[in-house]
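Colleague: Got a structure for you, questions after.
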Amino acid sequence: MKYDAVVFDLLTALLDSWSLWNAVAGSEVRGQTWRRRYLEITYGCGAYRPYQTLVRQAARDAGLPERLGDELERRWDELQPWPEVRHVLQNIGLPLAVATNCSSGLGQRAAARVGVAFAVVETAERAGFYKPHPEVYRAVLRRLGTAAGRTLFVAGSAADVPGAKAVGMPVYWHNRIGLAPSDDTRPDFLEATLEPLLRCAR
């Protein structure tokens, strides 16, 4: 095997969180504006601040009611995995983990929506920082007990590509919705679905 474990971004690589944000916001345009502002705040945040604080701030900055943050949390268990997720994860044959930019409570609830057992669920709240801060990736590696170069990171968002690469992890970018790169860092694999991961991870 090429790798000893696979770590996933949870809310974009495995779950279609974009659709939930859009539904809560009332339209795709409003949802994407809100979500993109949230990502900007999160990536610039560094040290952990309460996830719901950032979500509400992003709504306000996007010209939307702050109460949408509470509605998003209320509807959190509506998150759905991408269609191929369970098949792919059940057939990788390696220990699986997630590293996610949310609170520990929401991270556990979101991981449960995937329907596959994870050896580690690392959250920004537990690590004390938001990705792409290196500590989040290092924290999940410590808990797995694996070396960075032998642990494949499956990114969903653009910032996870340079974030995981910076600590020495090879990266598979599951760029489902066609996001633009955050810088000139290139992933080892770039795909629009998770299906090729079964070949790339072996």
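Colleague: Looking at the stretch 66-124 only, could you name the residues that are part of a helix (DSSP H, G or I), among the charged types (D, E, K, R) and without any contact (Cβ under 8 Å) to a residue 12 or more places away in the chain?
Modeller: R74
Colleague: Still on this model: Among the residues of the stretch 7-51, count how many are surrounded by fewer than 23 Cβ atoms within 10 Å (Cβ to Cβ) and assigned to a strand (DSSP E or B).
Modeller: Result for the stretch 7-51: 1.
Colleague: Same structure, new question: In this structure, does L152 turn out to be aliphatic (A, V, I, L, M) and surrounded by fewer than 22 Cβ atoms within 10 Å (Cβ to Cβ)?
Modeller: So L152 does not fit the description; no.
All of the numbers you see were taken from the coordinates with simple rules; none came from a lab. Note that this is a predicted model, so its numbers are computed, not measured. Because the Cβ atoms are built from the backbone with ideal geometry, glycine has one as well, and the counts that use them run over all protein chains shown.
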